1. About the Cα centre of the stretch B:28-134, how large is the charge dipole given +1 on each Lys and Arg Cβ and -1 on each Asp and Glu Cβ? Please answer in debye to the nearest 20.
2. How much net charge surrounds A:Gly149 when only the other residues with a Cβ under 11 Å from the Cβ of A:Gly149 are counted, with Lys and Arg +1 and Asp and Glu -1?
3. Scan around A:His154 for amide H atoms under 5 Å from its own, H built in the peptide plane at 1.01 Å from N, and keep only partners 5 or more places away or cross-chain.
4. Roughly how many debye, to the nearest 20, is the charge dipole of chain A about its Cα centre, given +1 on each Lys and Arg Cβ, -1 on each Asp and Glu Cβ, and no other charges?
5. Of the listed peptides B:48-58, A:191-201, what is their order by residue-averaged count of other C-beta atoms within 10 Å, with the highest listed first?
6. Hey, can you grab everything whose amide H is under 5 Å from the amide H of A:Ser14? Only 5+ residues off in sequence or another chain; H modelled, so Pro and N-termini drop out.
7. For A:Thr50 and A:Thr174, what does the FRET efficiency come to when R0 = 25 Å and r is the distance between their Cβ atoms, rounded to the nearest 0.05?
8. Average projected area of the Cα convex hull of chain A, in nm²?
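Every number here is computed from the coordinates shown, using simple stated rules; none is lab data. The structure presented is a predicted model; accordingly, all values stated were derived computationally and were not measured. Backbone-built Cβ (ideal geometry, glycine too); neighbour counts: all protein chains shown.
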Amino acid sequence: MATRRRPAGRSRPSVERNDRRTRWFHAAVYLTVLVLLATGWRLIAGNEGTPSPLATLFGTPDTTLHRGVGWALAVLVLIGVVLGRKGVRTFVAESLRWRPGDARWLARWPRAVFTGRFAHHDGHFDPGQRLLNVVMVMGLAVLVGTGLGLVLLHGGPVFAVLDRVHRWATYVVTPLIAGHVLVASGVLPGYRGVWRSMHLGGRLDPEVARRLWPAWAERENRDRPPG
Amino acid sequence: MMKSSIARPVSVAGALALSMLLAACGANGTADGAADGGAGGPKVTITSPADGADVSMPFTLRFTTSVPIGPPDSGREHVHVFTDQDTADYTVVTSPSFTIQDLPPGKHMVGVTLQHADHSPAGASAQITVNVTASGGAGAATAPSGGDSGGSDGGYSGYGGGY
């Protein structure tokens, strides 16, 4: 395990799961997505025209906020794809891989969520993460694509179709994001400590890394020079 | 070792600033006097009550549009009705009449703006001033009529476009 001693006064070793660029990109995406979910569901719930606290804070109607932040997400994704090509390729390759043992991991997952005794896997992402990555990224891509179509068309019959797709994609993506937040927050016993992989330096307790991504943790240990 | 590096640093503050900029770019125009979308553009005209009329609560606002209106998820234009210049607090209306309730006595501005299905301004707006002589209640809220002349749902306000 590539553990690093922290500076004086902090003695617990840690391992870096995600670098700074990835963490900032992830944070920017989730902040925009959370605003879009909040404003989007407010509209679905029939509250258009009654400003939400967020709309009041920004001094603009929820619909305008939703469109503006949607554009921001589209720009963010474009920047990510263009400037982070290598990372995107790796993300896709690691998310699409499948091993026979992954089925066993998935079968044990419901209990492991509470016990922390996950089956072994050799990926950078665990099999559950891979499935989530694929469906969630596809769902977000559909939302961004149809959202762009909606704001560019303004109206009309094609708009009505895109609106329906946009709404159904929201229904699919919302529970996935909620599940992702639940897992990534670390409140479930099996995932305790995992929230640090994307926050506050992206450094994990090595025990947490070994529990969740054993082969990756082993590779980290092997590939990094001691000290 | 595989270290995820998906993008160069994109600050959260930058993203929010961008979203604010874009939001500002798309902000609704206000109904500052009757206006239309320019030559050949869409139009909305308030036909009743007359500008400056005395009204008692509730009263029916009637208007005409040069384009068909309907629920936003149908892809058609719709109308936002608001009072006293508060363009952020409005009711989505998809038929040409709408009952306004609960305005306190006194002078009030009633405005309508034509909006695209994606809620961006279509460029047409109109406004009148009414003098409320009797009130059914406090506050300045508007509420759907439930269907009077010209529409089966005088104030469609339950839409959620989700975009």
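1. Roughly 260 debye for the stretch B:28-134.
2. -2
3. So A:His154 has HN proximity to no qualifying residue.
4. 1000
5. A:191-201, B:48-58
6. Here the answer is A:Arg4, since their amide H atoms fall under 5 Å of that of A:Ser14.
7. Plugging the Cβ-Cβ distance into 1/(1 + (r/R0)^6) gives 0.75.
8. 15.2
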